[in-house]
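One structure is given here, and the rest of the page talks about it.
Just so you know, all these numbers are worked out from the coordinates, no wet-lab data involved. Small disclaimer: the values here were computed from a predicted structure and weren't measured. Note that each Cβ is placed from the backbone with ideal geometry, even for glycine, and that neighbours are counted across all protein chains shown.
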Amino acid sequence: MALIVGLTGGIVGGKSTVASMFRDLGAKIIDADILGHSVILPYKPAWKKIVKLFGEDILRKDLTINREKLGKIVFANQSLLKKLNEITHPEITKMIKKEIDSAKNKTHNQEKVLIIDAALIYEAKIDRFMDKIIVVYIDKDEQIKRLIKRNNLSKDEALQRVRSQIPMEEKAKIADYVIDNNDTLDKTKKQVETIWGKLVSRI
């Protein structure tokens, strides 16, 4: 039976980079971002609710949701962000739960470690499905710098997005393992390998 591990952190914290390092070591990765994109595809239940709530202005010509436009709206308004999360989180949770059940039901499972790569593990309260949780940690200042650069945001917009998540320090306190991603990729990789050894030894 596979070991179920949650991999989380803050926005632009390097979680995807860490996930691919674990994949190289032999873990199976479930990317919640990809699941999140799939639940808001045209005419899916979540898509209908989002369009009803925000109007058709958030749609592109092909009827897909313009996530950048929606992001600017919800990160500037906490109550709308809460409403959006109430629509999408249950759908994403259902899909994650399905992946976990499938991994647990396979007796001769080649992937012994299933890693759920999801920024909102604590926020969506899916930590209860995990055997262990890893937090990828970066300093808040570094997070804001990366976010401004990656998403072309103002400092205020970057701060809004960082504040929409549980503070990184709090996540680190309640995690089983913490990976410090403030330094070089080599140092991050060494931490990943150490944690991998500990996870594999538990199986």
Relative to the longest principal axis of the C-alpha atoms of the chain, give the angle of the C-alpha long axis of helix 140-151, reported between 0 and 90° and rounded to the nearest 10°. 60 degrees
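Using Cα pairs closer than 8 Å and at least 6 residues apart in sequence, work out the relative contact order for the chain, in percent.
Relative contact order here is 38 percent.
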Considering the chain as a Gaussian network with a 10 Å cut-off on Cα pairs, which listed residue, 166, 115, 30, attains the greatest mean-square fluctuation? 166
With θ set to phi - 60° and the Karplus curve 6.51 cos²θ - 1.76 cosθ + 1.60, what are the ³J(HN,Hα) couplings of segment 83-92 in order, to the nearest whole Hz, using x for Gly and Pro? 5, 5, 4, 5, 7, 8, 4, x, 5, 5
Just the number, please: percent antiparallel of the DSSP beta bridges in the chain, rounded to the nearest 5. 5 percent
Which pairs, out of 98/171; 49/83; 94/125; 97/125; 28/173, put more than 18 Å between their alpha-carbon atoms? 98/171; 28/173
Between residue 6 and residues 5 or more places away or on another chain, which pairs have amide H atoms under 5 Å apart, with H built 1.01 Å from N, and which residues are they? 116, 131, 132, 133, 134
Theoretical FRET efficiency, 1/(1+(r/R0)^6), r = Cβ-Cβ of residue 61 and residue 125, R0 35 Å, to 0.05: 0.45
In whole Hz, with x marking every Gly and Pro, tabulate ³J(HN,Hα) for segment 40-52 from phi via Karplus 6.51 cos²θ - 1.76 cosθ + 1.60, θ = phi - 60°. 10, 5, x, 6, 5, x, 5, 4, 4, 5, 5, 5, 5
Over 32 Å [Cα-Cα, the chain], rounded percent: 19 percent
Considering only 62, 131, 141, give the residue with the highest GNM mean-square fluctuation for the chain, with springs between Cα atoms whenever their separation is below 10 Å. 62
Residues with amide H under 5 Å of residue 179's amide H, sequence separation 5 or more or different chain, H placed in the peptide plane at 1.01 Å from N; which? 135, 136, 137
Using the Karplus curve 6.51 cos²θ - 1.76 cosθ + 1.60 with θ = phi - 60°, what ³J(HN,Hα) values do you get for each residue of segment 186-196, in whole Hz, with x for Gly and Pro? 4, 5, 5, 4, 4, 5, 4, 5, 5, 5, 4
